[in-house]
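Everything below concerns the one structure shown next.
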């Protein structure tokens with residue numbers, strides 16, 4: 001089934017009016033992956049959005065919070081039985097989080113180990129700000145037989161790191177903020193065309209002086225197409241095919 005579009009990374013529970021954003025999803029027909037920053041938010045997200053056929057909820061431990069959420073690792077492992085989607089997880093090496101990076105790495109390794117042991121996860125949305133190489137070092141250790149699709153959300157690494165990620169089979173979810181900068185457009189132009197997906201990272205990004213909502217991914221199609229010399233129709237077909245590949249079995 002082809003949806004109108006897909007938002008592969010959205011924090012639905014962080015909106016001031018979750019019911020309003022659900023109406024946006026329903027009106028637009030945009031398939032949405034609801035990522036969580038802590039396992040404790042998973043069941044609340046299911047309660048709020050789980051009845052919608054357009055929303056899938058993932059379980060995550062955001063790297064900015066990971067060192068404060070060690071007690072939640074057991075809950076994370078338990079919830080892997082209830083979803084095939086994990087997100088948001090990863091590492092954050094920006095200056096304000098660098099002091100916790102060693103502990104983040106330990107927790108990230110613990111999370112990936114749990115995913116491997118559970119053997120149910122199909123889709124993982126990964127944060128890698130200023131920490132792409134250590135993220136890829138750990139992803140590279142995942143057994144290929146698990147068949148996990150890794151999505152590098154809002155990728156901001158070097159082109160060499162991008163090439164390495166592509167060789168590892170990673171997808172890249174692209175948002176409007178990336179398309180709004182020269183460096184972001186340059187990276188998008190370097191991504192394998194069959195690995196590009198769409199996201200908003202709403203409500204943490206802005207569009208037209210308001211928080212982004214899932215339907216905003218629809219406007220990304222033409223922009224991504226233009227960055228790659230494709231027509232809107234061509235870009236739509238490519239992104240729909242990429243979505244099917246990423247969501248297969250999910």
Worksheet entry | The lone exception for residue 119 - which of (1) farther than 27 Å from residue 184 by Cα; (2) modelled with pLDDT of 95 or more it fails | (2)
Worksheet item: Looking at the stretch 130-138, is at least one residue under 21 Å from residue 193 (Cα atoms), within 18 Å of the chain's Cα centre (by Cα) and modelled with pLDDT of 95 or more?
Response: yes
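Which of the helices (runs of 4 or more DSSP H) contained wholly in the stretch 85-188 include at least 2 residues that are over 28 Å from residue 14 (Cα atoms)?
101-118, 132-139, 159-167
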Response to the item:
Restricting the stretch 78-104 to residues that are over 15 Å from residue 117 (Cα atoms) and in contact with a strand residue (DSSP E or B) (Cβ under 9 Å, 6 or more places away or on another chain), the one surrounded by the fewest Cβ atoms within 10 Å (Cβ to Cβ) turns out to be 92
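Out of the residues in the stretch 50-69 meeting the condition of being outside any loop (DSSP other than H, G, I, E, B) and at pLDDT below 95, tell me which one is nearest to residue 247 (Cα to Cα). Steps first, please.
Step one: list which residues in the stretch 50-69 are outside any loop (DSSP other than H, G, I, E, B), which gives 55-57, 59, 66-68.
Still in the list and also at pLDDT below 95: 66-68.
Details: 66: 27, 67: 30, 68: 31 Å.
In this case the residue turns out to be 66.
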Worksheet entry | Pairs, first touching a residue at least 40 places away in the same chain (Cβ under 8 Å) in the stretch 40-69, second buried (at least 22 other Cβ atoms within 10 Å of the Cβ) and assigned to a loop (DSSP other than H, G, I, E, B), C-beta under 7 Å, six or more apart | 42/36; 58/35; 58/36; 60/35; 60/36; 63/91
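Evaluate the following for residue 146: is it in contact (Cβ under 8 Å) with a residue 60 or more places away in the chain and either over 18 Å from the mean Cα position of the chain (by Cα) or closer than 20 Å to residue 61 by Cα (or both)?
Numbers: in contact (Cβ under 8 Å) with a residue 60 or more places away in the chain: no; either over 18 Å from the mean Cα position of the chain (by Cα) or closer than 20 Å to residue 61 by Cα (or both): yes.
Considered against the rule, which asks whether it is in contact (Cβ under 8 Å) with a residue 60 or more places away in the chain and either over 18 Å from the mean Cα position of the chain (by Cα) or closer than 20 Å to residue 61 by Cα (or both), residue 146 comes out as no.
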Response to the item:
Flagged in the stretch 1-18 as more than 15 Å from the chain's Cα centre (by Cα) and either surrounded by fewer than 14 Cβ atoms within 10 Å (Cβ to Cβ) or not in a helix (DSSP H, G or I) (or both), in numbering order, are 1, 2, 3, 4, 15, 16, 17
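With respect to residue 152, is the statement that it is surrounded by fewer than 19 Cβ atoms within 10 Å (Cβ to Cβ) and at pLDDT 95 or above true?
Details: surrounded by fewer than 19 Cβ atoms within 10 Å (Cβ to Cβ): no; at pLDDT 95 or above: yes.
When the stated conditions are applied, residue 152 does not pass them.
Would you pick out the residues in the stretch 91-117 that are closer than 13 Å to residue 128 by Cβ and either free of Cβ contacts under 8 Å to residues at least 24 places away in the same chain or under 19 Å from the mean Cα position of the chain (by Cα) (or both)? Let's see the steps before the verdict.
So the first thing to find is which residues in the stretch 91-117 are closer than 13 Å to residue 128 by Cβ, and the list is 91-94, 97, 101, 104-105, 108.
Selection gives 91, 92, 93, 94, 104, 105, 108.
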Worksheet, complete the sentence: Reported set for the stretch 229-243 where residues are in a helix (DSSP H, G or I) and either surrounded by 19 or more Cβ atoms within 10 Å (Cβ to Cβ) or over 20 Å from the mean Cα position of the chain (by Cα) (or both) is 232, 233, 234, 235, 236, 237, 239, 242, 243
Item to complete: Just give me the residues in the stretch 192-219 being in a helix (DSSP H, G or I), within 20 Å of residue 22 (Cα to Cα) and touching a strand residue (DSSP E or B) at 6+ places or on another chain (Cβ under 6 Å), in sequence order.
Response: 214, 215, 216, 217, 218
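Which ones in the stretch 19-28 are within 19 Å of the chain's Cα centre (by Cα) and either free of Cβ contacts under 8 Å to residues at least 40 places away in the same chain or surrounded by fewer than 16 Cβ atoms within 10 Å (Cβ to Cβ) (or both)? So that I can check it myself, show each step before the final result.
First, pick out the residues of the stretch 19-28 that are within 19 Å of the chain's Cα centre (by Cα): 21-22, 25.
22, the sole residue that qualifies.
The values are calculated or read from the model by the stated rules, or taken from the named source; none is laboratory data. This is a predicted model, so every value here is computed, not measured. All Cβ positions, glycine included, derive from the backbone under ideal geometry; neighbour counts span all protein chains shown.
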